[in-house]
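The values are calculated or read from the model by the stated rules, or taken from the named source; none is laboratory data. None of the values given here were measured: they were computed from a predicted structure. So basically every Cβ, Gly included, is an ideal-geometry build from the backbone, and we count neighbours across all protein chains shown. Keep in mind that these areas ignore ligands, DNA and RNA; they rest on the heavy atoms of the full protein, side chains included. Shrake-Rupley method; radii C 1.70, N 1.55, O 1.52, S 1.80 Å.
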Amino acid sequence: EQVITVEKEKPPPVETVETAEDEEDVALPDEPVAPVDWVANESELWRNRMCHSDSLDLVDSDQVYAIGLEIDWSRLSSKMPLVHEIIGHGGLVMLFRVHDVLDAHFKSLCLAYSYFAMIANAPQLSMGEAEFAHFISQCHLADSSSMHCKEKDCHGIFFASSNRHDWASYKAQEAGKAAKLSRCEFMEAVIRLALAKYVMNHEAKDVALGLDMLIQNNLLPNLPPAATIDPNDFRCNRLYTYEVETAYSENLPVLKALFAAYSGPLGRIHLPQLQLLISHAGFDSIPDPLKIPDRDIRLCFFWSCMFNADSLKSMKACNSLSFPDFLECIARLADALSLPGEEQLIAIGVPDGLFSRYQTYLQMHKDKLQEEERKRNVEQEQEDELLRSLGTPSSRSLLVSKSNLVMFEEADVEGNIDITESQESKEQDEDDPLALFVPVDRRASSSFEKPNTRPLETKLKNLMQYFLEKLCETYGVDNANEQREELLLECLGKLSVESD
């Protein structure tokens with residue numbers, strides 16, 4: 001123990017004793033210390049979010065989901081063909097029982113709908129025919145041996161639920177307005193699928209039991225992991241902390257200027273505007289293994305939107321970000337893109353004090369990959385030359401002759417790079433640099449599912465540093481200038497005025 005005595009004449013007039021136990025509790029000077037009474041719903045950064053959300057809270061509450069169910073159910077109850085089918089398999093009481101089953105699984109169904117709707121290549125949540133077909137395939141709902149739930153039957157259920165069975169809707173579809181399922185219509189499609197798969201095949205005695213079997217046996221076990229992620233988990237466990245608020249506060253003027261510059265006249269950022277901002281921030285220049293897939297960006301965007309009880313009347317709120325939503329989206333992107341810290345950059349050879357550290361790091365990483373690929377091509381050419389001298393077909397010609405066994409498909413809706421190939425081609429060297437360019441096992445949801453080992457505030461600071469460097473480069477501001485933030489704010493202010 002070390003005793004430090006301070007004279008009473010000199011402030012502060014205290015006598016302190018530092019022990020090993022006390023030293024563990026003392027925070028480092030650079031780390032923000034959270035006040036004892038700090039709560040997220042009273043912070044200046046987040047409290048305004050409660051005024052603009054249907055839940056009147058910082059998270060999507062159970063009450064707002066209950067209200068959403070009642071709104072959707074009121075619309076379902078007005079569809080007489082569906083009501084007659086439900087009553088025809090159990091009487092009027094069956095309506096109440098089906099409502100109870102939906103109530104028990106409504107949140108899971110909403111998360112599933114949001115996932116399959118947000119992966120569409122559209123600027124808003126919309127479950128089209130292709131997304132519904134993938135939902136059917138993912139949950140193994142179509143059955144070729146079934147009399148009423150074959151693939152074509154599921155296709156018919158989509159159009160019946162989207163109200164495209166009448167002539168006016170059919171003509172609208174022919175004119176180019178493809179059928180889309182709203183959240184309410186998706187619930188109708190799930191009920192119709194339960195009727196076709198379990199009730200009409202006599203595997204369930206009534207609609208409520210068939211609906212519960214469909215959800216328990218087909219949907220919940222087979223949904224992609226990303227379709228079951230609750231956005232509240234990230235908010236409660238990672239986002240709403242004093243340290244994250246402090247990290248935002250250090251860059252709040254730039255963030256507000258970015259939001260004002262890229263948001264529309266209503267003061268909300270839509271997906272195309274966010275993608276433009278990400279492009280200006282240099283995400284497109286990141287090498288593929290480190291790059292955030294476009295599907296991850298879409299997930300971050302729509303997960304950052306608060307749940308809306310009425311998805312039809314609140315279409316703009318469902319498909320755009322307010323400023324607090326924008327801050328959450330930035331945090332989710334920071335969690336998905338783990339940029340190295342300053343100490344790591346110095347350790348791998350990036351010079352200290354260099355403003356464009358991340359551009360240098362990414363270029364070094366890209367050059368390394370290209371050099372490894374060049375060496376591999378040289379080795380391959382030497383091997384082919386040796387085989388040709390022996391009169392043996394080269395491995396490249398063998399690969400072409402086996403092209404019917406090797407098939408590369410586009411990334412599926414989970415973000416996987418699906419590769420179906422022969423057993424011989426599956427046996428790859430783990431050190432193959434090409435595997436970095438074509439990551440076989442990478443999923444769009446993998447970065448969200450892995451445990452987070454680094455604090456979010458650290459990732460946010462690294463991301464904001466990268467943002468500043470690249471935005472300064474985009475708008476012609478010298479990164480070495482000590483007043484670069486003021487000059488960048490001036491450029492963003494002009495951009496905001498022009499957009500208005």
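Filtering segment 182-198 to residues that are farther than 19 Å from residue 69 by Cβ and open to solvent by less than 10 Å² (accessible area, probe 1.4 Å) leaves 195, 196.
Summed over segment 86-110, residues that are open to solvent by 30 Å² or more (accessible area, probe 1.4 Å) and closer than 18 Å to residue 306 by Cα total 2. Scanning segment 260-280 turns up no residue that is more than 30 Å from residue 143 (Cβ to Cβ), charged (D, E, K, R) and surrounded by fewer than 17 Cβ atoms within 10 Å (Cβ to Cβ). Restrict the check to segment 342-356 and report whether at least one residue is at pLDDT 75 or above and surrounded by 14 or more Cβ atoms within 10 Å (Cβ to Cβ). The answer is no, given that none of the residues of segment 342-356 is at pLDDT 75 or above and surrounded by 14 or more Cβ atoms within 10 Å (Cβ to Cβ). Across segment 116-164, the number of residues qualifying as of a type in the set (Gly, Ala, Ser), surrounded by fewer than 19 Cβ atoms within 10 Å (Cβ to Cβ) and not in a loop (DSSP other than H, G, I, E, B) comes to 5.
Which of (1) touching a residue at least 40 places away in the same chain (Cβ under 8 Å); (2) within 18 Å of residue 335 (Cβ to Cβ); (3) surrounded by fewer than 20 Cβ atoms within 10 Å (Cβ to Cβ) does residue 315 not meet, given it meets every other one? Only one criterion is unmet by residue 315, namely (2). The single condition among (1) of a type in the set (D, E, K, R); (2) open to solvent by 20 Å² or more (accessible area, probe 1.4 Å); (3) at pLDDT below 95 that residue 212 does not meet is (3). Where helices (runs of 4 or more DSSP H) fall wholly inside segment 1-96, the ranges with 3 or more residues that are at pLDDT below 85 and under 30 Å from residue 457 (Cβ atoms) are 20-25.
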